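Chemist: Below: one structure in structure tokens.
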Amino acid sequence: MTKDEGSVGGLKSLTFSEALEVARSLGKLGTGSEGLDALLVGGYEEGKITEVFGASNSGKTQLAIQATVMASARGWKSVFVDTESTFRPERVVQMAESRGIEAKSALDSVYALRARDVDAQSQVLERMADDPRVSSAKLVVVDTVTKNFTLEFPGRERTGRRQGALGAYLNRVAIDAYLHRRVVLLTNRVASITVGGMSKDVNVGGLTLGRFVSKSIRLRREGGYVAASVEHPRSGVPPTKCRLSEKGVE
């Protein structure tokens, strides 16, 4: 197949037999934490979307940056879509050096893109397709995936438009992940809702996000530790507690 043959809108198409072959050959990217790898049954899945959500300061961004370091150890390129000005090159260096990974190689393997609004965030896939430096990237991180959508479509009266725009965006991300065998890691915020007179925290995006996510992991900060649990799909895997250090989430 030539570069343009069987492609639509920058995304290549697959026959059924090719799709089956892809599904059978998909691998995983280790998280850099034994506990989280056990929770995810091996790590982040190629061709699928993993969500990590939690309150502020729960370790989401640490895990997002850590994923790029672990990808660099595999010789992978990464695209870090930064919606909150959270990407820190110095943290990449610290994590890499503390894990015995060449720091310059780790930095050179990450392409950080600042997305200040929904339009910029949505154009990342097109930019990747047009830029040979990142078109082969195996890891895409979005930190935080829902921020721009909640800012541009605030309030209950805009819920339908917000969820529609988020769904359209996630659909393209999911298709791209599958066709290009990328690992996609999304960090997400929580919102407080009231159910039966009781208040509880849920991930922003709700069912719309859940339709596209293969696994959803919740993080809770407990002092110098991060407690992680699988929220979707429900499984019998018990929660795990990980230590926070210069290596990241261990």
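Every read-out reported here was derived from the displayed coordinates using simple, explicitly stated rules and does not represent laboratory data. Quick caveat: nothing in here was measured; it's all calculated off a predicted structure. FYI the Cβ positions are ideal-geometry reconstructions off the backbone, even for glycines, and counts take in every protein chain you see.
Chemist: Starting with the fewest neighbours, write out Glu46, Glu51, Glu34, Glu231 ranked by other beta-carbon atoms found within 10 Å of each beta-carbon.
Modeler: Glu34, Glu231, Glu46, Glu51
Chemist: Could you compute how fast segment 11-155 diffuses translationally, taking Rh as the Kirkwood radius over C-alpha pairs and applying Stokes-Einstein at 25 °C with viscosity 0.890 mPa s? Give it in µm² per second.
Modeler: 150 µm²/s
Chemist: Applying the Karplus parametrisation 6.51 cos²θ - 1.76 cosθ + 1.60 with θ = phi - 60° to the phi angles of segment 72-88, what ³J(HN,Hα) value in whole Hz is obtained for each residue in order, glycine and proline being reported as x?
Modeler: Those phi angles translate into 5, 5, 8, x, 8, 8, 10, 10, 10, 8, 9, 9, 10, 6, 9, 6, 10 Hz.
Chemist: Ok, one more. Report P(r) for segment 16-249: all Cα-Cα distances, bin width 5 Å, range 0 to the bin holding the largest distance, values in whole percent.
Modeler: Here the calculated profile for segment 16-249 is 1, 6, 14, 19, 21, 17, 12, 6, 2, 1, 0.
Chemist: Would you give the gap between the C-alpha center of segment 212-234 and the C-alpha center of segment 75-142, rounded to a whole Å?
Modeler: 23 Å
Chemist: Just rank His180, His232, fewest to most, by other beta-carbon atoms within 10 angstrom.
Modeler: His232, His180
Chemist: Further question on the same structure: Mind giving me the FRET efficiency for Ile193 and Glu246? R0 is 35 Å, r the Cβ-Cβ distance, nearest 0.05 is fine.
Modeler: 0.45
Chemist: Please list log₁₀ I(q)/I(0) at q = 0.11, 0.12, 0.19 Å⁻¹ for segment 112-246, using the Debye equation with identical point scatterers on the alpha-carbon positions.
Modeler: Treating every Cα as an identical point scatterer, log10 I(q)/I(0) equals -0.48, -0.57, -1.26.
Chemist: Here are some pairs, Lys200/Lys247; Lys28/Lys138; Lys28/Lys60; which of them have Cα atoms lying more than 21 Å apart in this structure?
Modeler: Lys200/Lys247
Chemist: Sort Tyr225, Tyr44 by Cβ crowding within 10 Å, fewest neighbours at the top.
Modeler: So the residues, fewest neighbours to most, are Tyr225, Tyr44.
Chemist: If you take the C-alpha gyration tensor of segment 73-148, multiply each eigenvalue by 5 and take the square root, what semi-axes do you get, largest first, in whole Å?
Modeler: With the √(5λ) rule applied to segment 73-148, the semi-axes are 23, 16, 8 Å.
Chemist: Once fully extended, how much extra length lies between Val237 and Asp130, figured as 0.36 nm per residue of separation less the alpha-carbon to alpha-carbon distance?
Modeler: 34.4 nm
Chemist: Considering amide H positions built from the backbone, and no H for Pro or chain starts, which residues 5 or more places from Ile217, or on another chain, come under 5 Å of its amide H?
Modeler: Excluding prolines and chain starts, which carry no amide H, the hits are Glu51, Val52, Phe53, Glu231.
Chemist: Of the candidates Leu219, Leu26, Leu186, which one comes out as most mobile in a Gaussian network treatment of the chain with C-alpha springs shorter than 10 Å?
Modeler: Of Leu219, Leu26, Leu186, the Gaussian network model singles out Leu26 as fluctuating most.
Chemist: Give me the number: length gained by fully extending Arg114 to Tyr225, i.e. 0.36 nm times residue separation minus the C-alpha to C-alpha distance, one decimal in nm.
Modeler: Contour length minus Cα-Cα distance gives 37.1 nm.
Chemist: Roughly how many nanometres apart are two label points built 7 Å out from the Cα toward the Cβ at Ser122 and Ala38?
Modeler: 4.3 nm
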